[in-house]
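The structure under discussion appears below in the form of structure tokens.
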Amino acid sequence: MDVKPASIVVLVVGLVLAAAIGWMLGPGASWWLGHVDGVTGLTGEKLASAVDAVRGRTLAFATGLAALGAVYYTARNADTARRTFQLGERGHDTDRFGKAAEQLGHDQAPVRLAGLYALEQLAQNNPAMRQTIVDVICAYLRMPYTPPRDGNHEDLGPAVPRAAIGGITKLDSTKGRDPHEERQVRLTAQRILAAHIRDPAPAARRWWRPATSPSDAFWPGIRLDLTGATLVDLDLSSCRIGPALFNGAVFTDFTTFEGATFTDAAQFPGAVFGFTTFQGATFTNAWFGGATFKGSAWFKGVTFTSDIQFVQTTFMNGARFDGATFTAPAAIVAVTFRGSAQFEGATFMNDAWFEGATFASTAAFNGAAFKGAASFNGATFTGDAGFNGASFAEEVRFLGATFTGETTFDKATFGGIAEFPRDGWEQAVNLDGALVTSSAMGARHVWPPGWQVEPEGRSGGVLRRDPSCNS
């Protein structure tokens, strides 16, 4: 039998204490009385009473030790019982998890719904199982699904071939299921995810009520993997989202991430969106490369705190970035804006690249602030382009860009090198009233034909039409 060193120490200490107590209850009482208590010269009944008093104290001490030992062993047995109960509960939880997950594969929608609610309750009661259960729900949503075509919902089609997603080889695992019932099951799965990653802000403290803590329903630190999923009317507004994969996902109908906070990387490459709003959201890292927005896309007031990439993204309808803040470099390269592109009042704290972008309709950058370098090299402006009141703190380049519609820079500010193409203007560009700061007066600029800088005091210079140029 394997005996632990701690058990040996306890045994030895116990034997020593038992021997000492036995000795004190016998002849040791007289010795203690004379050598420890310092009582001498007693005889007869007085001596007997003093010895009995020492033995009484010893007996009380022994009783206390016995009680302490009893408490220790009771607590130890209770801990053992608790551990045994927890092991049993884990076994029951495993059984419940298996049965609930099995229900998700049932042909009947009510059974699948029951499985989702069972998994939700199990996760709520067992924080250690939450991520696993979220992974199961996400896996369910990743299963191939074709929304019903009843005239009320736009068929966006798959963003990527289904067989290429996650090794799926069977293209329609939901065959035989009523698509309308399956829609309700998926809406429930989405609502469960949203309910537990939505972090309600604590109510403001007032003198008549105490401050409240965040809801117990919030599950912090959850990861989402919805690669290739078909998501219907997804509502993740005001959610706090950790690492999230939406690669190749299809967002049908109305999708909202309004006010959401992405605390880690959010990846949307190749995703297909209907009408979508990210208004007021905060991104850490965001990748929308190759994504397609078939409906309007709202990024009004969004804050991008780190890398942002919209490389080869297509906006088939209007795209609104009004008041957005780009803290890190913004790569909006080779993007196609088929509808209007609104960047009015946007702030680019770092470099901004719009190289090769196509603006097929109105492009509005009025009041935008470019605090780093800005490059529109090779961009195509088919509709009207407005940069009125925009400020360029460093260099801005439009080399190789083409302008078909009316282009205005009224009251814009240039604080660094400005390079415009000498041709590529189908309509006249209006730079009247644009300001060149004093620090940029000595820089080498390339202005559009017909414009020159007139020095104006210490403030710098103002762009005016060159009267000697007929173009």
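List the trypsin sites (Lys or Arg not before Pro) in segment 358-434 that DSSP assigns to loop (not H, G, I, E or B) and whose Cβ has at most 14 other Cβ atoms within 10 Å. Which are they? Working shown, then result.
Working: sites: Lys371, Arg397, Lys411, Arg422; in loops: Lys371, Lys411, Arg422.
Loop-located and lightly packed - Arg422.
Ranked by accessible surface with a 1.4 Å probe, highest first, in what order do Ser306, Ser375 come?
Details: Ser306 35, Ser375 15 Å².
Per-residue accessible area, sorted high to low, gives Ser306, Ser375.
So what's the net charge close to Ser391: Lys and Arg +1, Asp and Glu -1, counting the other residues with Cβ under 14 Å from its Cβ? The partial results should precede the final answer.
Working: positive: Lys371, Lys411; negative: Glu344, Glu394, Glu395, Asp410.
For residues surrounding Ser391, the net value is -2.
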Query - Solvent-accessible area of Thr277 with every protein chain in place, 1.4 Å probe, in Å² to the nearest 10 - result: 10
Query raised in the report: Which residues' amide hydrogens lie under 5 Å from the amide hydrogen of Asp225, considering only partners 5 or more residues apart or on another chain, with H built in the peptide plane?
Result: Leu245
Query - segment 239-294 - accessible surface per residue (Å², probe 1.4 Å) - result: 25
Report summary line: One finds the C-alpha centres of segment 289-358 and segment 210-286 to be spaced, in Å, by 18
Query - Within-12-Å neighbourhood charge of Phe315 [Cβ basis; K, R +1; D, E -1] - result: +3
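Once fully extended, how much extra length lies between Thr402 and Arg57, figured as 0.36 nm per residue of separation less the alpha-carbon to alpha-carbon distance?
On the way: separation 345, 0.36 × 345 = 124.20 nm, distance 10.32 nm.
Once the chain is fully extended between Thr402 and Arg57, it gains 113.9 nm.
The values are calculated or read from the model by the stated rules, or taken from the named source; none is laboratory data. Every value quoted in this text rests on a predicted model; they were computed, and no experiment measured them. Note that each Cβ is placed from the backbone with ideal geometry, even for glycine, and that neighbours are counted across all protein chains shown. Each accessible area value is taken on the protein alone, full model and side chains, heavy atoms only, with ligands, DNA and RNA left out. Shrake-Rupley method; radii C 1.70, N 1.55, O 1.52, S 1.80 Å.
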